[in-house]
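What follows is a set of notes on a single structure, which appears directly below.
Every number here is computed from the coordinates shown, using simple stated rules; none is lab data. All values derive from a computational prediction rather than experimental measurement. All Cβ positions, glycine included, derive from the backbone under ideal geometry; neighbour counts span all protein chains shown.
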Amino acid sequence: MNTRHGMTTTELGEITLAAEGDALTGLYFPDHWYKPSRTALGCRVRLSTDPLLSEAAAQLDEYLHRDRRAFDLRTATRGDAFQERVWELLKEIPFGETTTYGALADALGDRTLAQSVGEAVGRNPLCVIIPCHRVVGKDGRLTGYAGGLPRKRFLLGLEEPASVKAGRLF
């Protein structure tokens with residue numbers, strides 16, 4: 001397979017976009033918790049020379065400028081069966097909404113899986129694209145994010161409905 005990666009600079013900082021063949025396989029921040037090795041990312045290419053990575057960067061830019069609410073990219077993940085189930089649930093969280101680890105565990109049929117759900121969410125290789133930032137702790141608390149809590153806060157603020165934003169006192 002043609003494994004490669006490219007770099008783009010955004011409001012969230014520098015981002016590595018990774019692809020294999022015709023599918024986007026990763027979106028990583030410099031201090032990402034579970035970033036693959038350089039070898040696993042394949043060769044580095046300029047985004048302008050790779051149609052898939054260029055399109056991913058363009059869609060990410062549109063999203064970060066509030067011109068896009070969902071991504072239209074072919075993606076591929078390679079988690080275990082449990083991780084894949086969790087990542088599929090993440091895709092169902094609507095733009096501008098949040099859910100909790102416990103609610104995701106409930107959706108999987110076992111509330112006691114909340115911690116395991118958290119671990120799977122943290123290993124999401126396509127953060128932002130697969131919206132793991134929309135998962136919050138019990139009572140709406142911001143909890144871990146593989147790209148860091150400031151980025152999670154930024155992304156949630158980006159998606160926050162205007163009516164909610166207007167009602168805030170801060």
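Label sites at Cys43 and Glu62, each approximated as a point 7 angstrom past Cα along Cα to Cβ, lie 2.9 nm apart. Taking Cα atoms only, the orientation of helix 81-91 departs from the longest principal axis of the chain by about 80 degrees. To the nearest 10 degrees, how steep is helix 149-159 against the longest Cα principal axis of the chain, on a 0 to 90 scale? With both axes taken from Cα atoms, the answer is about 80 degrees.
Expected output is a single nm value to one decimal: the length gained when fully extending between Ala107 and Phe82, i.e. 0.36 nm times separation in residues minus the C-alpha distance. What is it?
Working: separation 25, 0.36 × 25 = 9.00 nm, distance 1.26 nm.
Residue separation times 0.36 nm, minus the Cα-Cα distance, leaves 7.7 nm.
In this label model, Glu92 and Arg141 are separated by 2.6 nm, measuring between points 7 Å along each Cα→Cβ vector.
Think of each Lys and Arg Cβ as +1 and each Asp and Glu Cβ as -1; about the Cα centre, that makes the dipole of the chain roughly 400 debye.
Measure out, as a whole number of angstrom, how far apart the alpha-carbon centroids of the stretch 114-129 and the stretch 1-75 sit. So the two Cα centres are separated by 18 Å.
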